[in-house]
Structures are given as C-alpha cells and as structure tokens.
1. How tilted is helix 213-224 with respect to the longest principal axis of the chain? Cα atoms for both, answer in degrees (0 to 90, nearest 10).
2. Please list, short to long, the whole-number percent of alpha-carbon pairs of region 131-173 in consecutive 10 angstrom bins beginning at zero.
3. Just to confirm my numbers, what's the Cα centroid distance between region 203-257 and region 116-150 in Å?
4. Please determine, in degrees from 0 to 90 and to the nearest 10, the orientation of helix 183-195 with respect to the longest principal axis defined by the Cα atoms of the chain, where the helix direction is its Cα long axis.
5. For an R0 of 25 angstrom, estimate the FRET efficiency from the Cβ-Cβ distance between residue 41 and residue 2 and round to the nearest 0.05.
6. Helix 156-166 sits at what angle to the longest principal axis of the chain, using alpha carbons and giving 0 to 90 degrees rounded to 10?
7. Of 116, 86, 159, which has the largest mean-square fluctuation in a 10 Å C-alpha GNM of the chain?
8. For the chain, what is the Kirkwood hydrodynamic radius in Å, using each pair of distinct C-alpha atoms?
C-alpha cells in the first residue's frame, strides 16, 4: 500500500488530508514532531514514504513583514529541505502554496502558468519555496490554494461568527475578491491528483466562482438568519494592515481539464455543505 506522510498534520488542511486519504497508509506529523527547517530531521522523516505532502508553513501574513527571516526559513528553506530529501529517497512531493504569489492586479482568473509577482514577505517566501521545490525535485506537484476555511483552526467564518455575537455592526472590506475554499475540498482535490498518478507542475485548488470578503460575510449572515444589514462594506484603505493583500485572488483551473477532471465546484455549493457539517454550529447562539 502507498505510504503517505502529511507534514503539518496539526493544521486545518492537515486534519482534512488525514481524513480524506484513508485509503492509503497515512502518517501525520505536526509541527512539534517535525521542524522542516532541520534538514537532517526532514531526511529522516520522509524515509520509507512514497508520497510526502507539505502542508506546513509560516502563515501569519502580517507578522511575516517583521519576521521575514523565520518566514523564509520555513516557507522557502523548509520547502527546499523537503524537495531535496524526497528527491534523494525517490519520494513524490506535493507542496502547498498560495494565491499570494501573485500581485492581485489581474482582472481575470490567474492561470497556472501566469507570471508570479508577490508583493508581501509571505508571498515572496512562498514563491521562493515553489522555485526550490521545482528545482530540487522536478517531478513534484505544487498546489496553490486561497481563502481557506475548515472544521479546524482559525478562519474567516469563525471570525465573523465571533464578531457577530459581540458587535452591532461589522465592517468588512469589499475591494478584495477571491474564492472562499473549503479545506476538505482541497484535500479531495489532492486525493484526485494522487489517483491520477500525481502529474507534476502547478495545480490551483480553490473552489470556483468569486466573491468579496464583504459578500462572503453577508452570505454567512444570511445562512444564519442574522440581519445582514449589520455588515457594512469598507475599503482596504480604511483597514490598514502591515502586509499588502492582493485585491484579486481568483485562480483558474485549466490544468484539471488536462487530466480529465472537471473544475472544482462553486464556492457557495461547498459552503452549503460545510454549513450543515460544522459552520452552522458557529452561528447557532443568539446575537445582539
């Protein structure tokens, strides 16, 4: 049976990968079990596995601006360590990346082959990780995703549910457009790639369609039966943060068609399923 190592198993996506890939012999390693910055530990960890999935990352986008050394050590250096170790031991590598490798200035979905131009430390560190993976283990599969939410960990719907119970009015930016994506769907897409023999190169694993953070929040309130008028649109200029956020984070899915797979389902369909499974519980208490 194929042996799969999930690195970053303690995170949102890591949990879903462990559950989704139960047809394989799966072992998960959380951060406390493996620091991917340690090359020798990485080489030892991947020994005996057929596939390694790197879901470990430095993901604090704002803190990365002042903590760039650590962000690059994890997102670039750690990725390089994994690529070298898997290449040496004949192990296939699936590396998770992000929409932040793009600058957000497009007006159409980014294709898998579009030039990258990250504008934040986080985005630059993740792009450098992509390059290292492609150079050190050319047969690797790079999976970009964005706007993730899931049953585990912190994410936008959880934040909106919490704020909705505390505040009469919530301001949410309406000038950033992307694709709310269920982490369980990303895990399924990775499962599909494994079933397809792990084609190398870049794949975009997001739900299809597009919306803004504001309209995403409105859709959550609507599903909860809360008054959506309590959510007010604002701009990024009025919500200044250390790291620049791409105003356009819509990813295309052309490569799925090349392996005979339909494009991912619409974000609202995935949200409906997640609502029934776990999101609805976050919004179940009374509001002001």
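1. It works out to around 70 degrees.
2. Taking every Cα pair in region 131-173, the percentages come to 21, 29, 21, 17, 12, 1.
3. Their Cα centres are 21 Å away from one another.
4. 30
5. On the way: r = 23 Å, r/R0 = 0.92.
Step by step, r from the Cβ atoms, then E = 0.65.
6. Long axis of 156-166 versus the principal axis of the chain: about 30 degrees.
7. Of 116, 86, 159, the most mobile in the Gaussian network model is 159.
8. For the chain, the Kirkwood estimate is 19.4 Å.
None of the figures in this text is laboratory data; all of them are computed from the coordinates on show. No experiment lies behind these values; they were computed from the predicted model shown. Virtual Cβ from ideal backbone geometry, glycine too; neighbours counted across all protein chains shown.
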